[in-house]
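Engineer: Submitted below is the structure of interest, expressed as structure tokens.
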Amino acid sequence: MERIAAGLDFPTSLAFDAQGTLYVAESGLPFGGAAPGGRVLRVGHDGAREVVREGLRHPVNGLCWHPSGPGNEGGGFYVSEGGHPGRIGWLSPEGEHTPVLDGLPGMGNYHTNMARVGPDGKLYFTVGAMTNMGVIGLDAYELGWLKRLPHNHDVPGFDLVLSGQNFETDDPVTGQPRATTGPFQPFGTPCAAGQRVPAGSPGRVATASVLRCALDGSNLELVAWGVRNGYGLCFTAEGGDGGDGSGPRLLVTDQGPDDRGSRPIGNAPDLLYEIPMDLGEGGPSWFGWPDFVGGVPVDDPAFRPTRGPAPRAILANHDALPPPQKPLLRFPVNAAATKLAMLDPNTALVALFGDERPMTAPYQKDGERVGRSVARLELQKDSATLHPTGWGPFHRPIDVALTPDGKSALVLDFGEFEMDAERGVVARAGSGAVWRVALGC
């Protein structure tokens with residue numbers, strides 16, 4: 001491996017322009033003394049960096065080159081900003097920034113994530129859940145990038161009927177001793193059995209979702225719901241059709257629920273999903289959140305948490321929803337699968353950011369750390385297999401991309417970032433880097 005850029009502040013995204021010049025997006029998360037506000041940098045062959053744009057809403061989660069912008073103004077980048085509210089904007093190589101889609105959900109556990117232009121010429125992107133499993137709880141204070149109550153609640157993609165479960169916690173907001181909160185409700189607002197929660201609308205975008213729109217942000221529509229935090233999104237190349245002749249596939253990495261908060265889930269894996277792009281008469285697909293993990297009900301004994309009682313379904317109208325989709329692959333628990341890059345039509349590289357214990361699950365003093373590596377995915381029609389590459393070591397790989405000549409892979413390392421039971425986030429600014437790995441060796 002060769003390090004080609006260093007000293008980055010918690011970067012998240014790689015992209016090349018039409019001339020093969022490398023661009024890197026820094027998240028803008030103010031950990032370890034880093035300055036707040038996302039940035040996009042141009043990286044020279046000697047590793048020298050030039051700021052193209054700064055002051056973006058943090059965290060910046062995606063950077064995608066496209067040869068023609070929303071108004072056919074020439075090549076540039078779609079930039080995904082996860083701040084509140086979330087936003088996707090168009091950035092020219094000269095640094096001119098134009099909002100394309102604004103007012104997306106924010107101020108929650110997860111954010112507006114990366115965007116990609118699909119084979120149909122539409123812009124696809126994901127919006128993560130505002131909560132771990134549908135209920136706002138005190139775990140908001142454990143999230144280094146949130147640490148606030150109240151925060152926004154989730155918005156469903158389908159019309160829901162609630163089972164009537166409520167969750168009680170201390171109440172640090174109103175000064176009352178206890179707060180009772182229902183799913184899909186503001187903190188401190190209970191629900192009732194049979195209560196209906198309407199699906200989101202154009203002005204009320206669904207969280208835990210996969211969406212698409214025209215390149216200018218118009219005609220926003222829901223493609224899939226129940227993808228808890230679909231951080232990585234990519235399309236297979238022509239021929240990557242699983243052998244059925246159907247053409248390119250849309251793949252999403254979904255980060256599984258954690259053993260934390262008012263509705264903890266234990267031992268939940270991260271997942272690799274194929275998202276149907278042809279909605280047809282059936283409409284958007286459901287991927288199970290918040291009552292299923294990879295097609296398995298949350299009351300399965302395998303998901304018994306250590307930080308609370310066994311979970312039960314919070315939705316009472318499963319029969320009225322599409323059947324929950326099953327994954328192509330279950331990653332190791334807490335591997336935190338992030339972004340993908342296609343090596344060939346049926347082979348991908350995937351970055352595994354790694355566990356965030358003790359926030360996501362109880363800390364094990366002698367337990368093996370998970371992730372922090374890059375793996376290879378071999379795709380079949382209805383499944384995939386995961387294989388180590390042996391690359392590294394890395395602190396926190398978060399993105400991977402092929403160089404324009406196809407001879408090397410670039411791995412983007414987020415940098416030194418750990419969770420501590422006493423100190424919270426322990427991170428070092430300037431520890432992010434870009435590594436180049438020769439392929440075919």
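Engineer: Do any strands (runs of 3 or more DSSP E) entirely within the stretch 394-441 hold 2 or more residues that are under 18 Å from THR347 (Cβ atoms) and out of contact with any helix residue (DSSP H, G or I) (no Cβ under 7 Å at 6 or more places or on another chain), and if so, which? Steps first, please.
Structural biologist: Working: elements: 397-402, 408-413, 417-420, 424-427, 432-438.
Hits in the stretch 394-441: 397-402, 408-413, 432-438.
Engineer: Considering ARG204, ARG178, which residue is on the phi < 0 side of the Ramachandran plot, among the basic types (Lys, Arg) and at pLDDT 95 or above?
Structural biologist: Details: ARG204 fails: at pLDDT 95 or above.
So the residue among ARG204, ARG178 that is on the phi < 0 side of the Ramachandran plot, among the basic types (Lys, Arg) and at pLDDT 95 or above is ARG178.
Engineer: Can you find, within the stretch 313-339, the residue that is farthest from ARG396 (Cα to Cα) among those that are surrounded by 19 or more Cβ atoms within 10 Å (Cβ to Cβ) and either among the charged types (D, E, K, R) or in contact with a helix residue (DSSP H, G or I) (Cβ under 9 Å, 6 or more places away or on another chain) (or both)?
Structural biologist: In this case the residue turns out to be PRO324.
Engineer: Could you go through the stretch 216-234 and let me know if any residue there is closer than 22 Å to ALA313 by Cβ, buried (at least 19 other Cβ atoms within 10 Å of the Cβ) and of a type in the set (D, E, K, R).
Structural biologist: Within the stretch 216-234, one or more residues are closer than 22 Å to ALA313 by Cβ, buried (at least 19 other Cβ atoms within 10 Å of the Cβ) and of a type in the set (D, E, K, R).
Condition check ((1) touching a strand residue (DSSP E or B) at 6+ places or on another chain (Cβ under 7 Å); (2) surrounded by fewer than 21 Cβ atoms within 10 Å (Cβ to Cβ); (3) modelled with pLDDT under 95) across all residues:
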{"position": "GLY354", "(1), (2), (3)": "no, no, yes"}
{"position": "VAL400", "(1), (2), (3)": "yes, no, no"}
{"position": "PHE414", "(1), (2), (3)": "yes, no, no"}
{"position": "VAL434", "(1), (2), (3)": "yes, no, no"}
{"position": "ALA438", "(1), (2), (3)": "yes, yes, no"}
{"position": "CYS441", "(1), (2), (3)": "no, yes, yes"}
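Engineer: Yes or no: the stretch 176-194 includes at least one residue that is polar (S, T, N, Q) and either crowded, with 19+ Cβ neighbours inside 10 Å or under 20 Å from the mean Cα position of the chain (by Cα) (or both).
Structural biologist: Taking the stretch 176-194 as the starting set, the residues that turn out to be polar (S, T, N, Q) are 176, 180-181, 185, 189.
Remaining after also requiring either crowded, with 19+ Cβ neighbours inside 10 Å or under 20 Å from the mean Cα position of the chain (by Cα) (or both): 181, 185.
For the stretch 176-194, residues polar (S, T, N, Q) and either crowded, with 19+ Cβ neighbours inside 10 Å or under 20 Å from the mean Cα position of the chain (by Cα) (or both): present.
Engineer: Does LEU63 fit the bill of being touching a residue at least 40 places away in the same chain (Cβ under 8 Å), part of a strand (DSSP E or B), in contact with an Asp or Glu (Cβ under 6 Å, 6 or more places away or on another chain) and not charged (D, E, K, R)? Steps first, please.
Structural biologist: Values: touching a residue at least 40 places away in the same chain (Cβ under 8 Å): yes; part of a strand (DSSP E or B): yes; in contact with an Asp or Glu (Cβ under 6 Å, 6 or more places away or on another chain): no; not charged (D, E, K, R): yes.
So LEU63 does not fit the description; no.
Engineer: Check off (1) surrounded by 20 or more Cβ atoms within 10 Å (Cβ to Cβ); (2) among the aliphatic types (A, V, I, L, M); (3) touching a Lys or Arg at 6+ places or on another chain (Cβ under 6 Å) for LEU272 and give me the number that stays unchecked.
Structural biologist: For LEU272, the exception is condition (3).
Engineer: Counting only residues that are aliphatic (A, V, I, L, M) and touching an Asp or Glu at 6+ places or on another chain (Cβ under 7 Å), how many does the stretch 89-127 have? Working first, answer last.
Structural biologist: Narrowing the stretch 89-127 to residues aliphatic (A, V, I, L, M): 91, 100-101, 104, 107, 114-115, 117, 123, 127.
With touching an Asp or Glu at 6+ places or on another chain (Cβ under 7 Å) added as a condition, the list becomes 100.
Total meeting the criteria: 1.
Engineer: Can I ask one more? Only strands (runs of 3 or more DSSP E) wholly contained in the stretch 109-173 count here; list those with 2 or more residues that are over 30 Å from ALA214 (Cβ atoms) and of a type in the set (Asp, Glu). Outline the logic, then answer.
Structural biologist: On the way: elements: 112-117, 123-127, 167-170.
Of the strands (runs of 3 or more DSSP E) lying wholly inside the stretch 109-173, those with at least 2 residues that are over 30 Å from ALA214 (Cβ atoms) and of a type in the set (Asp, Glu) span 167-170.
Engineer: May I ask you to say which residue of HIS45, HIS58, HIS66 is touching a strand residue (DSSP E or B) at 6+ places or on another chain (Cβ under 9 Å) and within 30 Å of GLY424 (Cβ to Cβ)? Full working, then the answer.
Structural biologist: Numbers: HIS45 fails: within 30 Å of GLY424 (Cβ to Cβ); HIS66 fails: within 30 Å of GLY424 (Cβ to Cβ).
Testing whether each residue is touching a strand residue (DSSP E or B) at 6+ places or on another chain (Cβ under 9 Å) and within 30 Å of GLY424 (Cβ to Cβ) leaves just HIS58.
Engineer: Still on this structure, I have one more. With respect to LEU101, is the statement that it is among the aliphatic types (A, V, I, L, M), crowded, with 17+ Cβ neighbours inside 10 Å and either in contact with a Gly (Cβ under 8 Å, 6 or more places away or on another chain) or farther than 23 Å from VAL293 by Cα (or both) true?
Structural biologist: Values: among the aliphatic types (A, V, I, L, M): yes; crowded, with 17+ Cβ neighbours inside 10 Å: yes; either in contact with a Gly (Cβ under 8 Å, 6 or more places away or on another chain) or farther than 23 Å from VAL293 by Cα (or both): yes.
So LEU101 passes the test.
Engineer: Shifting gears a bit: Mind counting the residues in the stretch 174-206 that are in contact (Cβ under 8 Å) with a residue 40 or more places away in the chain, aliphatic (A, V, I, L, M) and either over 27 Å from ALA224 (Cβ atoms) or part of a loop (DSSP other than H, G, I, E, B) (or both)?
Structural biologist: 4
Engineer: Moving on to the next point. Quick check on my filter: what residues within the stretch 356-382 are among the aliphatic types (A, V, I, L, M), closer than 27 Å to GLY424 by Cα and modelled with pLDDT of 95 or more? Spell out how you get there, then give the answer.
Structural biologist: Step one: filter the stretch 356-382 for residues among the aliphatic types (A, V, I, L, M), giving 359, 361, 370, 374-375, 377, 379.
With the extra rule that they be closer than 27 Å to GLY424 by Cα, the set shrinks to 359, 361, 370, 374.
Result: VAL374, single match.
The values are calculated or read from the model by the stated rules, or taken from the named source; none is laboratory data. All figures in this text were calculated on a predicted structure; none of them were measured in a lab. So basically every Cβ, Gly included, is an ideal-geometry build from the backbone, and we count neighbours across all protein chains shown.
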